[in-house]
1. In square nanometres and to one decimal, what's the mean projected area of the convex hull around the Cα atoms of the chain?
2. Averaging sequence separations of C-alpha pairs under 8 Å and six or more residues apart, then dividing by the length of the chain, give the relative contact order as a whole percent.
3. Mind checking the full-extension length gain between A125 and T20? Use 0.36 nm per residue of separation minus the Cα-Cα distance, one decimal, nm.
4. Can you give the log10 of the normalised intensity I(q)/I(0) at q = 0.14, 0.16, 0.17, 0.34 Å⁻¹, computed with Debye over equal Cα scatterers of the range 1-44?
5. Using +1 at the Cβ of each Lys and Arg and -1 at the Cβ of each Asp and Glu in the chain, identify which of N13, L96, G53 lies farthest towards the dipole's positive end.
6. If I stretch the segment between T84 and L10 completely, what's the gain in nm (0.36 nm per residue apart, minus their alpha carbon distance), one decimal?
7. For a Förster distance of 35 Å, can you work out the FRET efficiency between the beta-carbons of I63 and A33, rounded to the nearest 0.05?
8. For L74, enumerate residues with amide H under 5 Å from its amide H, sequence gap 5+ or separate chain, H modeled in the peptide plane.
Amino acid sequence: MADQPSLGSLISNVVRDAKTLLNAQVALTKTEAQQAGQQVAVVSVFGIIALAGLSMAGLFGLIALAFGISALGLPVWAGFLIVTGILLLLAIIAGLVAKVRSGKITGLTIAQKEWKTTADAVSQAMGKPAIGE
């Protein structure tokens, strides 16, 4: 009987282990959230670069194109309307690229799975049905 730990030390060990597990899961959640945030930032940067690049770098070329079209015999307004259509097409393409890239962003899948596993294990250890059952 002297070899067996006391009830107090067993409870102390359980509390210590629970704190360790909780800290590990919080760290996992933070890490996964940071990675997801970085992916969102990358998608945002590429979207902004696409929009800024299209509007700023191409501005003078597009104006020249509109006047070039009008020099072929079309009215100036027609030249600018054609250029507007080109701009809309390019904006749609950039938007689709951003949409595809944003679809690759995953949520906190690993952390969510671990939280559920832990909650289920604790529930079962306490004699209760697992969460979601």
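Laboratory data are not the source of any read-out in this text; all were calculated from the coordinates shown. The structure presented is a predicted model; accordingly, all values stated were derived computationally and were not measured. Glycine also receives a Cβ, built like all others from the backbone with ideal geometry; neighbour counts cover every protein chain displayed.
1. 13.0 nm²
2. Relative contact order here is 28 percent.
3. Result for the pair: 36.1 nm of gain on full extension.
4. -0.53, -0.59, -0.62, -1.02
5. After comparing all options, I get G53.
6. Values: separation 74, 0.36 × 74 = 26.64 nm, distance 7.42 nm.
Between T84 and L10, full extension yields an extra 19.2 nm.
7. My answer for the efficiency is 0.20.
8. Here the answer is none, since no amide H 5 or more places off falls under 5 Å of that of L74.
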